Structure formats: C-alpha cells, structure tokens
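The values are calculated or read from the model by the stated rules, or taken from the named source; none is laboratory data. Just so you know, these numbers come straight off a predicted model, no measurement behind them. Note: ideal-geometry Cβ built from the backbone for every residue, glycine included; neighbour counts use all protein chains shown. Heads up: the accessible areas ignore ligands, DNA and RNA and are worked out on the full protein's heavy atoms, side chains in. Shrake-Rupley method; radii C 1.70, N 1.55, O 1.52, S 1.80 Å.
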Amino acid sequence: MPLHKTSKAFTLCLLIASILGTSLIPDGKAYASPPDAIQGQVTEVKTARTSDEKIAEWENWAKDHAYRLDTIQPAGTNNGTTPFKDLAMLKPLLHDKRFVFLGESSHGVAEFNLAKTRLIQFLHQEMGYHVLAFESGLGNTSLAYGKAGQQSAEQTMKDSIFGVWWSKEIMPLFEYIKTSRKSEQPLVLTGFDIQLQNPLFDGAWLKDKVMAGRLAEAEQKLSGYSAGTDLAAYRQEKKQLIQVYKDALKSLKTEANEAHLKLLYPDNPKLTTLLERSLNDRIRVAEEYVEISIESTLGMESGDYTPFLKSMEWRDQAMLDNLMWLATEVYPTEKFIVWGHNDHIRKAQTEVMGSPYPVALMGEQLSDEMKKYSYVLGLYPASGKTADNMGNVHDVLPAEPGSMESILSAAGAPYTFIDLRYRNHESGNSWMFEPRFAYSWGMIPESFVPRDQYDGILLIDNVKPPEYIRSSASSKSSAPAED
C-alpha cells in the first residue's frame, strides 16, 4: 500500500523529534523543521492480497478467542479494592515472567495512559511487580522518586518523565506511586533512557554549591550542543565538559553528600548509586552520543539517513544497558514493568517492513535468556485520533481488511486483548504467524509477523489525544500544593 502523504510528512517530524532528546519538551515545539531532502526514504509497505474467505475465518477466530476487558479506567487509589477480575487471564501468562514490557504505537493516546496505569496497578498489587521503569531519564526519574512522598503527584510526573506523557490521563499513575509509598511494598519508579531531558540536572543534590553550579552550566551547554550542528565547537569544549561530570562524581560520593541526599530525597535510599550511574551516563553521552546527535542532524539536512539510524541504535543499546544494570545490580530480586514505545520493546525491529527505524532497538538487543522471562505487550488503536510528539493531532487511518487491527476489531469490543505467545498454529489464527499490515502512530504503515514481535496485543477502539498538562517550570518555582 502506498505511504500516505500525511504519514510521510509526519514520519519526517518524528525522525527529527527522535534525534533530539531535549526536543521532547512540554510545549511540543521541535528544535528544527524536517528537511525535505529525506522524503521518500521510508520503505513503502506492500502486502499480499488475502481472500475475503480467509479474512472472515480470521475474524471469526478472533471473535471466539479474544479477551474483552471490562474497562481501562485505573482503580481508585484510596478505596482499598482491587477490581481486576477481567485481568485474571494474565496470571497464567505472566506467572514466570520477570519483565512485562508495556508498549504503545503512539505516545499521544489518552487511552493508552489509562490502560497501562490499570495494568500497572494489577501487576503491582496482584503479581508482585514492584519496579516501574520508564522510557525516560534514569537521573530524572530517580530524583523525582526521591521526593514522591513529599510533593504533589503532578510535580513528580513533571520532574520524572518526558513531556510527551504529561497529561491528565497519566496522573492516576503518579497518584498511585505516591499513595503506594505508605504501603509495605511501594511501587518504585525508575527510568532507563540516556537522553538529556528537562528538567536538566541543576545540582541541587550536591552539597557543594560551587560544584552544583558548574554541573548546571555543563548541562545547559551539553543540551545546546546536542540539539545543534556545531561539531567543531563541541569538540573544542568536549574535554572540559567531561571533566565537570567527573568532578561531580567525586563530590557525589562523599559522606557529606550522602547525608545531604538522605535529607532532600528521603524516598529513594538507592539514590547515590543511581546518580552515580546517571553521571557516568552523561560522560558516555559527552564522549560519544553528542557527536552522533550532531552528525544525525547534519545528515538529515543533507539527506543522509545513516547517522540518524546510528543514533537510534546507540541510544537503545544504552537504554538496554541501563535496564539490565537496574535488574542485576540495583533491584536484583524484583520484577519489572517497562514502559516504552512499541518500537523500543518489540522483539525483532529489523524485520519490520516500513519502519523509519530499521535497526536493532532495545527489545531486539535483549538476550535470549531475558526474552524467555519477558512478556511483550503491544498497544494499538483501532480508530479515533492520536497526537504526535509535537502535540499535533492526526486521524487514526481506517484499518485495512486483513490487517491486525481489522482482525482484532472483529471481536466487537472497545478493549480487546489477544495472547500470541501461547497459541498453537491453526487455520483460524494463521494471521499471527505470517506478515500482517498494521499502523504505527495510527498512520505509518508497517508489515510484520505479529507473533515474532509481540507476546500479546491490546487493541483499543475510538482513541483520543491526551489532555496535556503544559508547563516546563522547575519544581522549585512551580510545584503545586501538596495533596
């Protein structure tokens, strides 16, 4: 099927937003406009024609085998109930899994935020998953969690995760995180991304105020270089910036600073270890990733797509390194819930036809042993509207006959779940064992074998963009009153 002009234009904007970590800012403005030079480089998806009889057989099978969720609304945080009866079918699927990956085909769907929050509540309360790892900065999430019990849920949200998720629909999750702090087993918030993200490190967690000032200045410079194109200027200042982060590491690990952290961030006893890793990540970013980001931007301007793909693969390898470090060194006995885009979590990204990112991303880089003890759930919309990373609203394109969305929509439910991993091949479900058409972001056509990419699919009908909470002010100046 030809790539729609609107989806092609959107893909270009998406590529730019993916390059610039700091472009995922709350006001939705990108740092650059997509260059016309790379138009036409996204592979068009063509799918084999399937008979109407075969499609009808698949749809009938879906009607008989799909699970229909009662609701996607999160449970109340203060009523003491656990209304998750319709999610009980997940227990045999996940009983031996250490990682549950919760994906999303778009960051801009209100219903995804609601559904994933409810799933997180269920996994935490009824299946012993105690760590939530977000596709957001390791340092940002760690610092925000350190104050989760003392500040408003909204402020924790704004301090921890990328602005693309700042919305009314995700607030129940952060209310839940705050409330769980009072329980015997809190839901721990962490992150695994390495991109610079607002708010940048201001050094408030360093007792040495001179060092804190140097760090804050270095952060601004590193962020500016990452979003820019002046490679020569960066290389000239690179060594000095790296030294600032090395000096901050020394200041962080003093006994005086340990006491300082405990006083300011009482809810995260592992914060020193997490910040040490975050500073080492910054050194890695300064040593390699900033230059890769600059080269990506320059490449896009000249029509060279290759540096961009290198930046994506580098970032995802770093994210995987952080996730595995968290699982083996920081929380070695805990089970993890991982929140990220479908592209980052699915299991064979390089086999997806039509993806703007035809490289091995985090999910594909996961070891076979870790994949064995993971369950990857992809979320897709069937209809409605979705927002891109800049906040622009787009229609979810009509599902093509024989597409994954069309087949699952035959179940006739607003919230349809299907397990792929534990299905034996039969005539009625052969669709999941062969290439199928689906839309990323509700409008970018892709083709892949569903069972090779995901262990389960949650399809949500009639979606809408989130109700965004727009503010990029720091916690010092804009923190709402505590609940």
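If a residue must be closer than 16 Å to residue 139 by Cβ, part of a loop (DSSP other than H, G, I, E, B) and open to solvent by less than 40 Å² (accessible area, probe 1.4 Å), how many such residues does the range 201-250 contain?
5
Just give me the residues in the range 338-369 being assigned to a loop (DSSP other than H, G, I, E, B) and within 14 Å of residue 455 (Cα to Cα), in sequence order.
Taking the range 338-369 first, the residues assigned to a loop (DSSP other than H, G, I, E, B) are 340-341, 346-348, 352, 354-361, 366-367.
Residues satisfying the conditions are 346, 347, 348.
Give the range 280-290 a look and list any residue that's touching a residue at least 60 places away in the same chain (Cβ under 8 Å) and of a type in the set (A, V, I, L, M), or say none.
Going through the range 280-290, the residues touching a residue at least 60 places away in the same chain (Cβ under 8 Å) turn out to be 281-282, 284-286, 289-290.
Once the filter is applied, which keeps residues that are touching a residue at least 60 places away in the same chain (Cβ under 8 Å) and of a type in the set (A, V, I, L, M), the range 280-290 yields 285, 286, 290.
Mind listing whichever residues of the range 179-200 are open to solvent by 30 Å² or more (accessible area, probe 1.4 Å) and in contact with an Asp or Glu (Cβ under 8 Å, 6 or more places away or on another chain)? Write out each step before concluding.
Of the residues in the range 179-200, the ones open to solvent by 30 Å² or more (accessible area, probe 1.4 Å) are 179, 181-185, 198-199.
Passing the criteria: 181, 199.
Applying the selection to the range 132-180, what residues are among the acidic types (Asp, Glu) and within 19 Å of the chain's Cα centre (by Cα)?
Going through the range 132-180, the residues among the acidic types (Asp, Glu) turn out to be 135, 154, 159, 169, 175.
135, 154, 159, 169 - these are the residues of the range 132-180 that are among the acidic types (Asp, Glu) and within 19 Å of the chain's Cα centre (by Cα).
Look through the range 291-314, keep the residues that are hydrophobic (A, V, I, L, M, F, W, C) and surrounded by fewer than 23 Cβ atoms within 10 Å (Cβ to Cβ), and return whichever of them is farthest from residue 253 (Cα to Cα). Please lay out each step first, then the result.
Kept after step one, since they are hydrophobic (A, V, I, L, M, F, W, C), are these residues of the range 291-314: 292, 294, 298, 300, 308-309, 312, 314.
Remaining after also requiring surrounded by fewer than 23 Cβ atoms within 10 Å (Cβ to Cβ): 292, 298, 300, 309, 314.
Values: 292: 30, 298: 38, 300: 41, 309: 36, 314: 28 Å.
Per the criteria, the residue is 300.
Give the residue, chosen from 445, 414, 465, 480, that is at pLDDT below 95 and over 30 Å from residue 373 (Cβ atoms). Spell out how you get there, then give the answer.
On the way: 445 fails: at pLDDT below 95; 414 fails: at pLDDT below 95; 465 fails: at pLDDT below 95.
The match here is 480.
All but one of (1) within 25 Å of residue 131 (Cα to Cα); (2) open to solvent by 30 Å² or more (accessible area, probe 1.4 Å); (3) among the aliphatic types (A, V, I, L, M) hold for residue 345, so report the exception by its number.
All conditions are met except number (2).
Go through the range 315-337 residue by residue and tally those that are outside any loop (DSSP other than H, G, I, E, B), open to solvent by 10 Å² or more (accessible area, probe 1.4 Å) and either of a type in the set (S, T, N, Q) or over 29 Å from residue 173 (Cβ atoms) (or both).
Of the residues in that region, 2 qualify.
So residue 471 ticks every box in (1) among the hydroxyl-bearing types (Ser, Thr, Tyr); (2) surrounded by 24 or more Cβ atoms within 10 Å (Cβ to Cβ); (3) modelled with pLDDT under 95 but one. Which box is left unticked?
The failed condition is (2).
Do you know which residues across the range 431-458 are outside any loop (DSSP other than H, G, I, E, B), open to solvent by 10 Å² or more (accessible area, probe 1.4 Å) and of a type outside the set (Phe, Trp, Tyr)?
Once the filter is applied, which keeps residues that are outside any loop (DSSP other than H, G, I, E, B), open to solvent by 10 Å² or more (accessible area, probe 1.4 Å) and of a type outside the set (Phe, Trp, Tyr), the range 431-458 yields 436, 451, 452.
Is there any pair with a first residue in the range 261-272 that is free of Cβ contacts under 8 Å to residues at least 40 places away in the same chain and a second that is open to solvent by less than 10 Å² (accessible area, probe 1.4 Å) whose Cβ atoms are under 8 Å apart and which are 6 or more apart or on different chains, and what are they?
272/252; 272/257; 272/261
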